[in-house]
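Taking it in order: structure first as structure tokens, then the write-up.
The values are calculated or read from the model by the stated rules, or taken from the named source; none is laboratory data. What you see is a predicted model, and the numbers here were worked out from it, not measured in a lab. Reconstructed Cβ throughout: ideal geometry from the backbone, glycine too, with neighbour counts over all protein chains shown.
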Amino acid sequence: MALREIVTLGSPTEPVLHQTAERVRVFDGDLHQLLDDMLETMREAPGVGLAAPQIGVSRRIAVIEYPEDEENPQGTGRVYELINPEIIKAKGSEVAQEGCLSLPNIAADVDRATQVVVRAQDRTGAEVRLKAYGWLARIFQHEIDHLHGVLMTERAEQVYRLMEDESGKIVAVPLERET
Ligand code: CO
């Protein structure tokens with residue numbers, strides 16, 4: 001496995017974050033290598049989700065690892081590998097603050113569905129259907145947005161810059177809306 005560089009806003013490779021990713025048609029060793037690298041890169045960051053465009057690969061692939069133990073998040077959650085994912089059902093609505101590995105020190109209040117059903121393929125190409133609720137549903141929607149070139153800030157009701165206050169505590173400072 002190998003760590004890949006994460007594309008962030010303002011980096012020379014930023015345009016890949018705004019592109020529509022291409023459908024995966026070949027489920028071979030190269031794809032498996034890419035998935036393994038994505039998982040390693042996401043864990044190292046650390047993050048709970050990573051879409052292929054975030055490492056400069058414009059293909060419809062995302063990995064998610066949702067921690068079941070909030071106190072000790074690394075490696076405790078189920079790993080999802082989503083290839084060519086599509087949201088086929090969405091229900092409910094909730095605004096919450098999320099982050100993104102491609103937007104360091106930024107947080108955003110985003111309205112997301114609270115339940116989704118996703119149709120995707122696994123690393124062998126087999127079709128899978130996944131049902132997700134709450135925070136996991138939010139992560140699915142955030143990562144699938146990346147595959148459409150959509151960043152959380154484009155959907156945000158409010159964007160924040162994360163800064164340290166005098167005591168070293170991280171605080172979210174609301175940013176003026178760009179119109
Ligand atoms: Co993101």
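Summary of computed values
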| read-out | value |
| --- | --- |
| Single residue of segment 108-125 satisfying the filter (of a type in the set (Gly, Ala, Ser) and within 26 Å of residue 175 (Cβ to Cβ)) that is farthest from the ligand (Cβ to nearest atom) | 113 |
| Among residues of segment 1-53, those that are acidic (Asp, Glu) and assigned to a loop (DSSP other than H, G, I, E, B), counted | 2 |
| Candidate set from segment 130-146 (those that are closer than 13 Å to residue 63 by Cα and more than 11 Å from the ligand (Cβ to nearest atom)); member that is surrounded by the fewest Cβ atoms within 10 Å (Cβ to Cβ) | 136 |
| Candidate set from segment 85-121 (those that are hydroxyl-bearing (Ser, Thr, Tyr) and crowded, with 16+ Cβ neighbours inside 10 Å); member that is nearest to residue 55 (Cα to Cα) | 102 |
| Members of segment 21-32 found to be touching a residue at least 12 places away in the same chain (Cβ under 8 Å) and either farther than 21 Å from residue 86 by Cα or of a type in the set (Gly, Ala, Ser) (or both), listed by number | 21 |
| Subset of segment 151-179 [modelled with pLDDT of 95 or more and buried (at least 16 other Cβ atoms within 10 Å of the Cβ)] | 151, 152, 153, 155, 156, 159, 160 |
| Given (1) within 16 Å of the ligand (Cβ to nearest atom); (2) β-branched (Val, Ile, Thr); (3) touching a strand residue (DSSP E or B) at 6+ places or on another chain (Cβ under 9 Å), number of the condition residue 150 does not satisfy | (3) |
| Lone unmet requirement of (1) in a loop (DSSP other than H, G, I, E, B); (2) of a type in the set (Gly, Ala, Ser); (3) crowded, with 16+ Cβ neighbours inside 10 Å for residue 125 | (3) |
| Restricting segment 93-107 to residues that are assigned to a strand (DSSP E or B) and out of contact with any Cys (no Cβ under 8 Å at 6 or more places or on another chain), the residue that is nearest to the ligand (Cβ to nearest atom) | 98 |
